[in-house]
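Notes follow once the structure below has been shown.
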Amino acid sequence: MIEKPHGEIMKDYYCAIDIGSSLCHVLVGRPQADGSVEVIGVGTAPSRGVRTGSIVNIEATIQAIAEAAREAELMSGLVVEEACVNITGKHLHGGNSRGVVAITNKDRVVQHADVLRVIEGAQNIRIPGDQEVIHVLSREFAVDDQKGIKDPIGMTGIRLEAEVHIVSASITALTNLNKSVMGAGIQVTGGVMSSLASGEAVLTEGEKELGVAVIDIGGGISDVVIYVEGGVFYSAVVPLGGIHITQDLSIGLKVPVEIAEVVKKNYGSARVAIVDPTERIELPGMSGRASRQVLRQEVAEIIEPRVQEILQLVDSELVRSGKKGFLAGGVVLTGGTAHLEGIEETAEDVLALTVAARSPLGVEGFVDRVSGPEFATGVGMLHYQSRLADSPEVIESRPTVGVVSKIKNWIAENL
Ligand SMILES: Nc1ncnc2c1ncn2[C@@H]1O[C@H](COP(=O)(O)OP(=O)(O)OP(=O)(O)O)[C@@H](O)[C@H]1O
Ligand SMILES: [Mg+2]
């Protein structure tokens, strides 16, 4: 357990912990009346206990969370007592389901209880015994023959239907998450699928209505979510990210991973065609040898195929969703790898869709500290928490037990 410093106890604030394969971010934010969030504390620490989005070393993850939380506490002057945490990894499974119930009260007006019942009913799908449902995201409702209803409460009819997207996660992975956050002396108030959180941060409601895909390309994993008609239709993860690009550079340029990472960030490009063919960069010499020069184009020639591979795997997911042809809002790229020069152009080629890289929207306060695409998941969790608290009558998600229990309790108490 980590000793907490003295400070004001959090009340009207939310805290988000984004445990990534590269970095761990802790964000403290205060929701604003206009729907934006004022970021008042940010802490970042290298994350050494996470591989492909999943925790493989609890002690190292506790250290990363504690270090990032300490920085966020110092900056905000608050003690981080509880927080929402991101959930990602190959263990996630997303699928669609439908629930149907009779509207039974005597005037046949849909009430909160009916909405809860229909969503509960939609959860009656078979999930493996080692998995737990983390999200039941309602996309739309139908009352009798009237379809496409976002909020059915108050409508009259005899039959209520709900279309939902259900996400489940490995119980072991959730337990490890819980242990890691608790080990840093922080209570878990809820868990949010990383891609859902990133979507909250980088999309407008209009884009969700139009149909849009978010691809969060991080260090070890790329999280994908597809929205159609305002709600989540598909979610998936691709187990590749920026770390794999760095490893390719390390092998291709025969330099240590640390140098490959610097080369990637400072001179990397995901598009050979836009790099000046005469531009050279200096690589430091290894084991007493002199430094040497390489063409920047050679660096791009290593990066581009790996970026294409990641995007081809993402494209397979878009095709599998059956909704690739419905993405009028295009694709929004986020996550640290979205910084890479030329990635939008290469993504447009591979996906044959309009692509834009984007950083979190709707931020105030320490805007500069969270202005990169790598903050999408963290900022999105702040937005997500305040949205859940603000609109109890709209059921966004009804997580079940374990790492997400507190949000459930909150919803149960407020509906
Ligand atoms: N300027 C940059 N150019 C290219 N790549 C970058 C740049 N800045 C960061 N990255 C890469 O982004 C990746 C980290 O992104 P991010 O912080 O979103 O990942 P993460 O959340 O820690 O991991 P994950 O979500 O995959 O578990 C690293 O591979 C890093 O090299
Ligand atoms: Mg991430």
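The values are calculated or read from the model by the stated rules, or taken from the named source; none is laboratory data. What you are looking at is a predicted structure, and each value in this text was computed from that prediction instead of being measured. A quick note on method: Cβ atoms are made from the backbone with ideal geometry, for glycine too, and the neighbour counts reach across all protein chains shown. With ligands, DNA and RNA removed, areas are computed over all heavy atoms of the protein, side chains included. Shrake-Rupley method; radii C 1.70, N 1.55, O 1.52, S 1.80 Å.
Can we say Phe326 is among the aromatic types (Phe, Trp, Tyr), within 12 Å of ligand 1 (Cβ to nearest atom) and modelled with pLDDT of 95 or more? Against the criterion (among the aromatic types (Phe, Trp, Tyr), within 12 Å of ligand 1 (Cβ to nearest atom) and modelled with pLDDT of 95 or more), Phe326 does not qualify. In region 262-300, the residue that is nearest to Ile221 (Cα to Cα) out of those that are within 16 Å of ligand 1 (Cβ to nearest atom) and open to solvent by 60 Å² or more (accessible area, probe 1.4 Å) is Lys265. Among helices (runs of 4 or more DSSP H) entirely within region 182-257, having at least 3 residues that are open to solvent by less than 10 Å² (accessible area, probe 1.4 Å) singles out 194-202, 242-253.
Restricted to region 19-34, and to residues that are among the aliphatic types (A, V, I, L, M) and away from ligand 1 (no atom under 16 Å from the Cβ), which residue is surrounded by the most Cβ atoms within 10 Å (Cβ to Cβ)? Working first, answer last.
First, the residues of region 19-34 that are among the aliphatic types (A, V, I, L, M): 19, 23, 26-28, 33.
Still in the list and also away from ligand 1 (no atom under 16 Å from the Cβ): 28, 33.
Values: Val28: 28, Ala33: 6.
Taking the candidates together, the pick is Val28.
For region 141-161, the candidate set comprises residues that are without any contact (Cβ under 8 Å) to a residue 40 or more places away in the chain and part of a loop (DSSP other than H, G, I, E, B); within that set, the residue that is most open to solvent (accessible area, probe 1.4 Å) is Asp145. Within region 26-59, if we keep just the residues that are out of contact with any strand residue (DSSP E or B) (no Cβ under 6 Å at 6 or more places or on another chain) and of a type in the set (Asp, Glu), the residue that is nearest to Gly220 (Cα to Cα) turns out to be Glu59. Just the residues that are open to solvent by 40 Å² or more (accessible area, probe 1.4 Å) and either at pLDDT below 95 or within 16 Å of ligand 1 (Cβ to nearest atom) (or both), please, taken from region 83-97. Matches in region 83-97: Lys90 only.
For Glu341, the test of being more than 16 Å from ligand 2 (Cβ to nearest atom), touching a residue at least 40 places away in the same chain (Cβ under 8 Å) and among the acidic types (Asp, Glu) is passed.
Of the residues making up region 44-57, at least one is within 15 Å of ligand 2 (Cβ to nearest atom), open to solvent by 40 Å² or more (accessible area, probe 1.4 Å) and not basic (Lys, Arg).
When Val332, Val370, Val379 are checked against the criterion of being open to solvent by less than 30 Å² (accessible area, probe 1.4 Å), within 16 Å of ligand 2 (Cβ to nearest atom) and touching a Lys or Arg at 6+ places or on another chain (Cβ under 6 Å), Val332 stands alone in meeting it. Quick check on region 347-364. Is at least one of its residues in contact with a Ser or Thr (Cβ under 8 Å, 6 or more places away or on another chain), part of a helix (DSSP H, G or I) and crowded, with 19+ Cβ neighbours inside 10 Å? Within region 347-364 (the criterion being in contact with a Ser or Thr (Cβ under 8 Å, 6 or more places away or on another chain), part of a helix (DSSP H, G or I) and crowded, with 19+ Cβ neighbours inside 10 Å), the answer is no, since none of the residues qualifies. Kindly check whether there is at least one residue in region 134-157 that is at pLDDT below 90, under 23 Å from Gly231 (Cα atoms) and of a type in the set (Asp, Glu). Yes: one or more hits. Of the residues making up region 53-70, those that are modelled with pLDDT of 95 or more and part of a loop (DSSP other than H, G, I, E, B) are Val56, Asn57.
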